[in-house]
1. Computed over the Cα atoms, what is the radius of gyration of the protein assembly as shown divided by 2.2 N^0.38 Å, N being its residue count?
2. C:Trp127 label points, 7 Å along Cα→Cβ, one per copy: pairwise distances from this copy to the rest in nm, shortest first?
3. HN-Hα J couplings of region D:16-27 from phi, Karplus 6.51/-1.76/1.60, θ = phi - 60°, integer Hz, Gly and Pro as x?
4. When each copy gets a label point 7 Å from Cα toward the beta-carbon at D:Ala61, what are the spacings between them in nm, shortest first?
5. Can you give me the relative contact order of chain B as a percent, contacts being Cα pairs under 8 Å and 6 or more apart?
6. Quick check: net charge around A:Met1, other residues with Cβ under 14 Å of its Cβ, Lys/Arg +1 and Asp/Glu -1?
7. Quick one: give the max-minus-min coordinate of the C-alpha atoms of region B:8-77 along each principal axis, largest first, in Å.
8. Using a probe of 1.4 angstrom, how much of the accessible area of region A:2-71 is carbon and sulfur, in percent?
Amino acid sequence: MITIHYFAGIKDLTGTAQETLQFAGQTVDQLRKELAGKYPGMDENSVQVAVNEEYALPDDVLSEGDVVALIPPVSGG
Amino acid sequence: MITIHYFAGIKDLTGTAQETLQFAGQTVDQLRKELAGKYPGMDENSVQVAVNEEYALPDDVLSEGDVVALIPPVSGG
Amino acid sequence: MKAFNVVAEPIDPQLYADYVLRPEAGAVTLFTGHVREWTKGVKTLYLAYEAYVPMAEKKLAQIGREIEERWEGTRVAIAHRIGELQISDIAVVIAVSSPHRKAAYEANEYAIERIKEIVPIWKKEIWNDGEEWIGDQKKKPEGETI
Amino acid sequence: MKAFNVVAEPIDPQLYADYVLRPEAGAVTLFTGHVREWTKGVKTLYLAYEAYVPMAEKKLAQIGREIEERWEGTRVAIAHRIGELQISDIAVVIAVSSPHRKAAYEANEYAIERIKEIVPIWKKEIWNDGEEWIGDQKKKPEGETI
């Protein structure tokens with residue numbers, strides 16, 4: 001299982017702050033597409049993915065126990 | 001009479017923080033030359049003159065009661 | 001106090017300025033970002049900030065390392081507040097010390113730009129007639145993102 | 001507290017940051033210049049600052065006006081300390097608020113450059129084996145000096 005965290009506008013869209021999915025062995029990009037399909041209205045191109053608190057590349061492969069976060073455009077400061 | 005204030009290295013040179021002189025009717029530049037002659041070692045080219053707390057021009061004419069200051073290169077901050 | 005800190009309570013900027021001060025420092029720049037009442041003609045009631053806290057603190061620390069590598073002799077501390085903030089409250093504080101002033105200004109400004117690029121913190125503006133999560137619409141940081 | 005101040009006592013920088021803060025301000029930059037222990041390989045014991053106080057305060061106020069004219073919506077406060085200062089003591093504080101950050105950084109840096117050009121304050125460095133009044137050797141300010 002992997003854990004997925006949602007924030008800000010994406011959390012409003014998913015209606016939940018986190019969920020778990022069977023996704024080990026698949027890529028970051030596959031997960032992003034999967035979630036964009038599951039939650040219509042998510043702008044997949046503007047969402048970055050962090051794995052274990054670091055920005056990930058599309059081809060990075062997820063492992064059992066990974067903690068993933070969908071990062072919409074940041075607006076701190 | 002005009003009052004003349006000295007600061008920093010110039011004060012060390014003159015040995016006094018202020019003095020008064022009869023100099024009304026003469027120019028700022030005349031005063032500067034006068035004082036450079038009176039106090040050998042004063043670098044007249046690096047000294048600015050303020051009259052009544054504002055930088056003065058060489059041709060400005062001094063009036064009775066003016067407060068003059070010799071301003072060596074500043075080094076605040 | 002952590003040098004790279006995401007906090008829910010009001011920020012005391014002086015703590016961060018004090019943290020970076022050292023005998024070698026001739027200059028300290030302290031930037032505070034505040035909740036502004038008016039933005040593009042619209043009156044803000046208050047702001048709500050949310051963060052992915054552990055990653056945000058890692059990214060603030062990364063910015064600190066970037067600065068200390070790029071401007072020799074600098075020392076950096078950064079804090080960002082989350083939760084509901086009222087007008088004039090401090091959202092972010094950046095403290096940079098340096099032997100000379102030029103680096104202290106440049107590095108401080110670099111820090112706020114980088115915060116707006118890579119630190120997972122989000123701002124929601126609340127007005128009289130609505131609210132909205134603000135996306136900076138910046139280009140994605142180079143080389144480390146999809 | 002005067003917004004353009006020459007003082008003989010330790011400076012509390014927060015007073016000046018608070019002074020410039022307003023609901024329109026999204027950014028406050030606070031610069032503090034500190035006595036640095038080492039300059040060009042020579043160890044400073046302490047510094048002594050002297051000012052032509054009334055003129056210095058007028059010139060600080062002039063710098064404030066220059067900034068508020070050049071960067072719209074800014075507000076400025078500046079204090080300089082005189083007398084004997086120890087390592088890490090604050091010699092000068094510059095606070096600038098602005099709706100947006102860019103102006104707050106630029107205006108603050110402008111203020112310290114102008115202080116070093118036109119404000120009648122002098123610094124004497126005292127080392128183990130001597131002392132010297134420091135002259136900045138800057139070019140004279142344009143148009144207003146002989």
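The values are calculated or read from the model by the stated rules, or taken from the named source; none is laboratory data. Keep in mind it's a predicted model, so treat the numbers as computed, not measured. Ideal geometry is used to build each Cβ from the backbone, glycine not excepted, and the neighbour counts take in all protein chains shown. Calculation scope for accessible area: heavy atoms of the full protein, side chains included, ligands and nucleic acids excluded. Shrake-Rupley method; radii C 1.70, N 1.55, O 1.52, S 1.80 Å.
1. 1.23
2. Going from nearest to farthest copy, the values are 6.2 nm.
3. 6, 4, 5, 4, 8, 5, 8, x, 7, 8, x, 9
4. Relative to the other copies, D:Ala61 has label-point distances of 5.0 nm.
5. On the way: 133 pairs, mean separation 31.6, N = 77.
Normalised by residue count, the contact order of chain B is 41 percent.
6. -3
7. 31, 27, 20
8. Values: 1470 of 3160 Å².
Here it works out to 46 percent.
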